[in-house]
1. Take Tyr373 and tell me if it is at pLDDT 95 or above, open to solvent by less than 20 Å² (accessible area, probe 1.4 Å), at negative phi and not β-branched (Val, Ile, Thr).
2. Tell me, yes or no, whether segment 73-85 has at least one residue that is at pLDDT 95 or above, of a type outside the set (Lys, Arg) and open to solvent by 50 Å² or more (accessible area, probe 1.4 Å).
3. Pick from Ser322, Ser311: which is open to solvent by less than 10 Å² (accessible area, probe 1.4 Å), modelled with pLDDT under 95, in contact with a helix residue (DSSP H, G or I) (Cβ under 6 Å, 6 or more places away or on another chain) and not aliphatic (A, V, I, L, M)?
4. For segment 347-361, which positions are surrounded by fewer than 22 Cβ atoms within 10 Å (Cβ to Cβ) and either hydroxyl-bearing (Ser, Thr, Tyr) or not in a helix (DSSP H, G or I) (or both)?
5. I'm checking my understanding of the structure. Among residues of segment 247-259 that are free of Cβ contacts under 8 Å to residues at least 12 places away in the same chain and aliphatic (A, V, I, L, M), which one is least open to solvent (accessible area, probe 1.4 Å)?
6. Show the residue pairs that are 6+ apart or on different chains and have beta-carbon atoms under 7 Å apart, the first residue being within segment 206-230 and closer than 15 Å to Leu274 by Cβ, the second being in a helix (DSSP H, G or I) and among the β-branched types (Val, Ile, Thr).
7. Of these, Pro32, Pro41, which one is outside any loop (DSSP other than H, G, I, E, B), open to solvent by 20 Å² or more (accessible area, probe 1.4 Å) and touching a residue at least 40 places away in the same chain (Cβ under 8 Å)?
8. Condition first: open to solvent by less than 70 Å² (accessible area, probe 1.4 Å) and of a type in the set (Phe, Trp, Tyr). Now tell me which residues in segment 86-124 satisfy that.
Amino acid sequence: MTTFAEASRTAAGQARNGQRPVWRDKKRYLWPLGLLVPLSPFAAWYLVDKFSLGLFWAIGAWLIVIVIPLIDLLAGEDGNSPPDEAIPELQEDRFYRWCTYLFLPLQYVGLVFVAWCWVNAPMAAGEKFALAMTAGVVAGVGINAAHELGHKSEKLEKWLAKVALAQSFYGHFYVEHNHGHHVRVATPEDPASSRYKENFWFFLPRSVIGGLRSGWRIESARLRRQGRRTWSYRNNILNAWAMSVVLFGSLIAAFGWEIAPWLAVQAIAGFTFLETANYLEHYGLLRAKRPDGSYVRCSPEDSWNSDHVVSNLFLYQLQRHSDHHANPRLRYQSLRSAAEAPQLPAGYAVMIVCAWVPPLWRKVMDKRLLAYYDGDMTRINVLPGK
């Protein structure tokens, strides 16, 4: 697979010869569909009011586990990747950036509306929990928006990434993902890379706690190198957490302490969705080592790839994860599907549900992993003791 730098050189050569890329993104005007996710709390209110069914408070969860998988099944795989010469122009097209920027105001208007509903709508405790799950889906996809923004070099986008993470109180992801996970991905040293035979519900605390510790070590080391104190406003983890404190504090001040438990529930649901994606993205995959014991550069083969079109539209092509790790500076619209990478049998929406049911996950994925490595256990990232 051609790297972004190589593609840029190719496009520059074509420009000198008077050639222009002719490829056009057929999904260009479908990307705003991703903005339907932060609007799901309003859809929940409308449907409950119209049909008098409290089940609709969980519309965000139904969207993830039922609606998107069914449409994915009907729509099939994408199969349409940008050619190398089109990538530089795609990278600079600001239309795609606004599709992610607009997620944030809708995300927080929706969260304020959810807090209002918890206090003012006639809801039983179960219905409040269902609405917290809908808010959690928005928070989880918000982490994905933060993932897209946090990889970029522009200061505005880095700041917006922290803003998107505030709802889930997962500010350390801003540091750990870029400087920890991307360095150690598909190795036993990475807490966010799941291992063969590892149950998701055991992976979840390992990844959450391990990622927090790793992010703090990375950020502390960065500040020490600059001669600065760890406990300062310059600490990217602390200032990201401060955004969450201000957000949660403002909502509790406006609507009362009764919403505090539900804010916690939606935050936990949000980062659980994120960690489920982490679980399935690198399950059992292991990078090779050089003779000196260091790991080889990350390649598309070190991530599970999926190219189901509808899931990609709602997740900013997170499923083209193989190209993302090989070329982390590429924006979502420029990511290509990697045929050489191991392939998931379905889109993320389906695979997330599979991960939550460990026997089902093992039945679906273990044989695929073993087949990919021709049964060679020395090439697999295996859970110790298994």
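The values are calculated or read from the model by the stated rules, or taken from the named source; none is laboratory data. Just so we're clear, the structure is a prediction, and the values are computed from it rather than from any experiment. For neighbour counting, all protein chains shown are included, and Cβ atoms are generated from backbone atoms with ideal geometry for every residue, glycine included. Accessible surface areas use protein heavy atoms only, side chains included; no ligands, DNA or RNA. Shrake-Rupley method; radii C 1.70, N 1.55, O 1.52, S 1.80 Å.
1. Against the criterion (at pLDDT 95 or above, open to solvent by less than 20 Å² (accessible area, probe 1.4 Å), at negative phi and not β-branched (Val, Ile, Thr)), Tyr373 qualifies.
2. No: zero hits.
3. Ser311
4. Across segment 347-361, the qualifying residues are Trp356, Val357.
5. In this case the residue turns out to be Ile252.
6. Taking only residues 6 or more apart or on different chains, the pairs are Gly215/Val175; Gly215/Ile237.
7. Step by step, each of Pro32, Pro41 is checked, and only Pro32 is outside any loop (DSSP other than H, G, I, E, B), open to solvent by 20 Å² or more (accessible area, probe 1.4 Å) and touching a residue at least 40 places away in the same chain (Cβ under 8 Å).
8. Scanning segment 86-124 gives Phe95, Tyr96, Tyr101, Phe103, Tyr108, Phe113, Trp118.
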